[in-house]
Structures are given as C-alpha cells and as structure tokens.
Amino acid sequence: MFPEVFASPPHPTTANTNMMYAGWNVSVERLFFANGLRDPWRDATVSADGLYRPSTPTMPIYEGDGFHCSDMITKSGIDDPTIAAVQETALEYMAEWLAEWKPSALKSP
C-alpha cells in the first residue's frame, strides 16, 4: 500500500498487544467495549464466557445480540434493538467523555 514506507506489511503479534495493554487485565480510561453475543470472536473479548470482567463507568462493557462488528454499522441498530441500545449507549458515553475534555495549552515548535 505504501511501499516507500513499508517494505513489507507489518505483522502484529498478540503477545505484543497483550504486553502493551495487560491482556485480560486491560485498564484504559474512556474505553467502550461493544460486543456481540453472536460474535464468533467473543471468546477473545472482555465478554468471553467465564471471564467476568466488570463493566465500569470509565471502561463500560455492553453487549447486543449482534455479530462481529455489527454494532459499528448504523443499519444494524435499525434492524436489532439490542444493537441500537449498544450504539446509543456508546454515543452517550462518548458525548460525556468529550464534554470532560479540556484542551491543553498549545506549545509552539
């Protein structure tokens, strides 16, 4: 895609990502998890069966009756009220988090 920058495509590794974000113990403020109950990848998410990760105000976890990435498609919310609820809740959290944002002082180069 950008051969002048990348001689070959990057190969991400799960181990590096898990090390950077603490794997199942991820703790990042203002991170919204939207998971589908019928997502074949659900067992690789914080909504995996048996994981029991608590949803918190700064790292909420919401589930709809969707599939992989169905919560990212607006039309899915029209077709399925559980997905619409996840989408609406995500927007509410994002609006709240954006309202809390304070710009930092600009530094000149």
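FYI, it's all coordinate maths here, none of it is from the lab. Worth saying up front: this structure is predicted, and the values here are computed from it rather than measured. All Cβ positions, even for glycine, are placed from backbone atoms using ideal geometry, and neighbour counts span all protein chains on display.
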Just the residues that are crowded, with 17+ Cβ neighbours inside 10 Å and without any contact (Cβ under 8 Å) to a residue 24 or more places away in the chain, please, taken from segment 17-75. Arg42, Thr45, Val46, Ser47
Taking only segment 47-65 into account, find how many residues are within 15 Å of Tyr93 (Cβ to Cβ) and of a type in the set (A, V, I, L, M). 2
